[in-house]
Structure formats: C-alpha cells, structure tokens
1. If I compute solvent accessible area with a 1.4 Å probe over the protein chains, what percent of it on segment 44-133 is carbon and sulfur?
2. Order ASP36, ASP75, ASP89, most accessible first, counting only protein heavy atoms with a 1.4 angstrom probe.
3. Under a 1.4 angstrom probe, counting protein chains only, how are MET121, MET84 ranked by accessible area, largest first?
4. Measuring from label point to label point, each 7 Å out along Cα→Cβ, what is the ILE112 to TYR59 span in nm?
5. To the nearest 0.05, what FRET efficiency results for TRP50 and LYS130 with a Förster distance of 41 Å applied to their C-beta separation?
6. From the phi of every residue in segment 87-94, what ³J(HN,Hα) in whole Hz does the Karplus formula 6.51 cos²θ - 1.76 cosθ + 1.60 yield, where θ is phi - 60° and glycine or proline is x?
7. On the full set of protein chains, 1.4 Å probe, figure out the accessible area of PHE111 and give it in Å² to the nearest 10.
8. Cα-Cα over 26 Å: which of LYS23/LYS123; LYS79/LYS99; LYS23/LYS129; LYS33/LYS71; LYS23/LYS83?
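The values are calculated or read from the model by the stated rules, or taken from the named source; none is laboratory data. Keep in mind that this is a model prediction, so the values were computed, not measured. Because the Cβ atoms are built from the backbone with ideal geometry, glycine has one as well, and the counts that use them run over all protein chains shown. Keep in mind that these areas ignore ligands, DNA and RNA; they rest on the heavy atoms of the full protein, side chains included. Shrake-Rupley method; radii C 1.70, N 1.55, O 1.52, S 1.80 Å.
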Amino acid sequence: MSSYNLPGIFLIIISCIIFYNSKFEKNVFDNVKIVDVQVIEAPKSCKNVWKRASCKVKYNGKIHIITVGNKYCEDVSGKRQIKMKTNFDGSKLIFLNQKTTDFNNSFGGGFICLFFGVFLMLKAYKALKKDFN
C-alpha cells in the first residue's frame, strides 16, 4: 500500500464533509424565513473588533454562537433583539444581509481538497502498478 493512499482518502472524506456542510448552509438561503432573535452577548463597540469575534443569540430556547467579525458587528452591537434568517427547522441562523457568496468559498475549498485527494489516490495507484511490474 502506497504512502499516498491514507492522505488521499483523508482529503476526499474532508471534501465530502465540506460539500455536505456548504449544501446545508445554502439550503438556508433556499428555504428561508425571517425571525426575531434575542441578542444575549455581543461586542460593545465595533471599533477594535477582530475578524473572528462572535456573539451569542437565543432563538427557540437555544443559544447560538455566531461569528460577527467586522462585517456583521454593527448588526448586533448594542441591540437586544435583531431579525435574522433561518432555515425552517430553526437550526441555522444567518444575518439578513449575508450573501450566498459567503458560503461559496467553502464549496471552493471542498473542491480543492477533492482535487488533491484524487491526485494522491492516482499517484498511489501508479506507484502500486509500478511495484507489480
């Protein structure tokens, strides 16, 4: 067995997970409803907010931790309640002005992982074929 098999399989599995998650996130945009969400904890000021800053919101009795960063900080800062988009079972929340292009980047990452996974598997196959000849 070639040393390329395991990393190749690992990358293909990772790409499948990424594809599944991006399909799930895109589903929020396809089947969307707008709901009122209670803001529990948010940045007080957006002046020095770092890229991975997050906030806590409550919807349907569940606490959700959402990354706000610089892009969505103003939407939650200093507010007690905001409107957000959700899928119909309420398991995923996104901001009203969040675009589908925010999730297309994860789809591209999945494609890159799949490409390298298949490349490593082909390389392992060629090495295995060479060993038998």
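1. Looking at segment 44-133 in its full context, I get 57 percent from C and S.
2. Largest accessible area first, the list is ASP89, ASP36, ASP75.
3. MET121, MET84
4. My value for the distance between the label points is 2.9 nm.
5. Working from the Cβ atoms, E equals 0.25.
6. Listing the rounded values in order: 6, 5, 8, x, 8, 10, 10, 9 Hz.
7. Roll a 1.4 Å probe over it and PHE111 shows about 120 Å².
8. With Cα atoms farther than 26 Å apart: LYS23/LYS123; LYS23/LYS129.
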